[in-house]
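A short worksheet on the structure shown next.
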Amino acid sequence: MGDSKKLHPVGEASDLPDGGRKQVTIEGRAICLFHIGEEYYAVRSTCPHQGADLCGGTLGGSMLPSRPQEYVYGLDRHVLRCPWHGWEFDIRTGRSLFDPDRMRVRAYPVRVQDGRLFLES
Amino acid sequence: MPGFVQVHIPLSNRLLGDRHHYPIFEAAERHALPVAVHPNAIDGIFRTGPSTAGGTPSYYAEWHTGLTQVFQANLISLVCQGVFERFPGLRVIMTEGGFAWLPDVLWRMDKNWRGLRDELPWLTRPPSEYVFDHVRFTTQPFIEPAKRAHVAQICDMIQADRVLLFSTDYPHWDFNDPVRALAALPPHVKERVFARNALELYGERIR
């Protein structure tokens, strides 16, 4: 890894509709790219638990921290749930919901330039 | 309330995490009284006692071995229902319910929480941390593994220097001798189990 940021082309924005996702490989690493509303997100696609492909997981919301026996739904379309054991990750940051400081996947900024998508690493 | 140091709740088929108990927890917390539970002697045998899993044991040896499951169920219930988030000052003592099962239950609870967190969003920390902070376990009947070194290993896994309280159950047949029973504990753990943990838990009430 050098000090300077690199932009990696990952395709045309028009090929990834709202709600869509696709897996790309950057420098040998599988990364899952999402288009949600006005935003694009990209996270490392390998679950830190047992290596499952997170790109095969469901994207939805989850229950936010709340008082006991109360449920507050939120983060709709921003929580990626590992298909193997259900670990939840916020695709905006790559942080897990259960231990955001220590358990996370890398998140990559996504740039849109002239209708093309680039991952920054 | 001179002379009172804790509140005892008889276990039933209503798990401790059920809100039925919350007025008692609220009062106990307000008065800084720990809540203790203890085998009923009717666990799994009479209908008013807590069930043991799978059926009714025939022999006393079966019952005495298996009654730990009632404590496991109640510990899991307390943590998962968020009782210690609702009553952050509450302390619970599990008396004579065993403790060497803790590694398995804590690991299972933490693991399930990682995958099923959205079901228990009120838990802000791994379930095991609530146990270490809020629940204490008495030592009798102390474990007697074939390899003496296993005592220290189990004690390390369960943070015995924080969670264990010495008890004898004397004069019951399965009592622990204070000199012999805990001999395999490392000295710094022993000091805490014999005195310090109880002093920290009960405070001025037992000084």
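Structure values in brief
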{"quantity": "Distribution of pairwise C-alpha distances over segment A:50-121, 5 Å bins, in %", "calculated": "3, 15, 20, 22, 18, 11, 6, 2, 1, 0"}
{"quantity": "Extension gain, residue B:45 back to residue B:104 (0.36 nm per residue minus Cα-Cα distance, nm)", "calculated": "18.7 nm"}
{"quantity": "Cα pair distances of segment B:64-118 binned at 10 Å [whole percent]", "calculated": "20, 51, 26, 2"}
{"quantity": "Size descriptor, Kirkwood hydrodynamic radius, that averages inverse alpha-carbon separations across segment B:1-91, Å", "calculated": "14.1 Å"}
{"quantity": "Cubic angstrom per residue, convex hull over Cα atoms of chain B", "calculated": "140 Å³"}
{"quantity": "Most positive-pole-ward Cα, A:31, A:62, A:85, against dipole of segment A:7-120 from beta carbon charges", "calculated": "A:85"}
{"quantity": "Normalised per residue, the volume of the convex hull around the Cα set of segment B:98-207 (Å³)", "calculated": "128 Å³"}
{"quantity": "Cα-centre dipole for segment A:7-120 with unit charges at Cβ (Lys and Arg positive, Asp and Glu negative), debye to 20", "calculated": "300 debye"}
{"quantity": "Relative contact order [Cα under 8 Å, 6+ residues apart], chain B, whole percent", "calculated": "19 percent"}
{"quantity": "Anisotropy class of the protein assembly as shown from Cα gyration tensor, a/c 1.5 cut", "calculated": "prolate"}
{"quantity": "Estimated FRET transfer efficiency (residue A:93, residue A:23; beta-carbon r; R0 22 Å; 0.05)", "calculated": "0.70"}
{"quantity": "Hits among aspartates and glutamates - C-alpha to C-alpha of residue A:5 under 15 Å, sequence gap 8 or more where chains match", "calculated": "A:27, A:120"}
{"quantity": "Ascending count of other beta-carbon atoms within 10 Å, so fewest first, for B:199, A:75, A:97", "calculated": "B:199, A:75, A:97"}
{"quantity": "Cα centre as origin, Lys/Arg/Asp/Glu Cβ charges: the protein assembly as shown dipole, Debye", "calculated": "340 debye"}
{"quantity": "Whichever aspartates and glutamates have a C-alpha closer than 14 Å to that of residue B:111, once near sequence neighbours (fewer than 8 apart) are set aside", "calculated": "A:88, A:99, B:119, B:129"}
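Since every read-out is calculated from the coordinates, none of them should be taken as a lab result. Values in this document were obtained by computation on a predicted structure and should not be read as measured data. Ideal geometry is used to build each Cβ from the backbone, glycine not excepted, and the neighbour counts take in all protein chains shown.
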